[in-house]
Amino acid sequence: MGSRKCGGCLSGLLILLALWSIIVNILLYFPNGQTSYASSNKLTNYVWYFEGICFSGIMMLIVAAVLLVLENDSNYKCCQSENCSKKYRTLLSMIFSALGIAFSGYCLVISALGLVQGPYCHTLDGWEYAFEGTAGRFLTDSSMWTECLEPAHVVEWNIILFSILIALSGLQVIVCLIRVVTQLSKILCGTYSVIIQVIDH
């Protein structure tokens, strides 16, 4: 009962993290609240991977919803015996948790790449990735940020939002990993045996 309650809390946390990922990703499309840069395609290319909206957001909401159903619907039976039903629910929970790791891991990687690449901005030489060749050194050297003339404060905007996405997706990876380990321990430690007994005729 305690593990089921804990699992429900973890699934609820995944839903909260997913909703925040969607919000943060949407904000990346509107530097300083302006819509003109998105409509004219003057944003960093990594925001178009929809990492926070689709993968760490919508897909994670689906994963969390399935995990909640698997945790809470104790009366549901996917096969004849109760033990068999528990086995398959445990396996399904582990599979969907692993999918959650894949989805949030994708968001984590893409967000990290977007953070290191830096924003697409207007400089004295025109629109370009002003910090693409700095290997992320601009992140700790704020004196370089003035190279981006437009949008205003776009460097800070990207750094803050991509960092938040990294943190949110990183937490999702941890939560899903905990769920995988928990379900795997149930299987390996014999809480539910995954070996289907052959019934002697």
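Against the criterion of solvent-accessible heavy-atom surface with a 1.4 angstrom probe, 71, 132 sort, most first, into 132, 71.
Maximal additional length on extending the residue 32-residue 91 stretch stands at 16.7 nm, based on 0.36 nm per residue less the C-alpha distance. Measuring only protein heavy atoms, the 1.4 Å probe finds residue 50 accessible over about 80 Å². When the charge dipole of the range 10-141 is built from unit charges on Cβ atoms (+1 for Lys and Arg, -1 for Asp and Glu) and taken about the Cα centre, the candidate among 135, 68, 121 whose Cα reaches farthest toward its positive end is 68. With protein chains left intact and a 1.4 Å probe, residues in the range 89-190 average 47 Å² of accessible area per residue. A Förster radius of 22 Å combined with the Cβ-Cβ distance from residue 178 to residue 23 puts the calculated FRET efficiency at roughly 0.35.
FRET efficiency for the residue 135 to residue 156 pair, using the beta carbon distance and R₀ = 22 Å, is estimated at 0.65.
The values are calculated or read from the model by the stated rules, or taken from the named source; none is laboratory data. Fair warning: this is a prediction, and the values are worked out from it, not measured in the lab. Cβ atoms come from the backbone with ideal geometry, glycine included; neighbour counts cover every protein chain shown. SASA here: full protein model, heavy atoms, side chains in, ligands and nucleic acids out. Shrake-Rupley method; radii C 1.70, N 1.55, O 1.52, S 1.80 Å.
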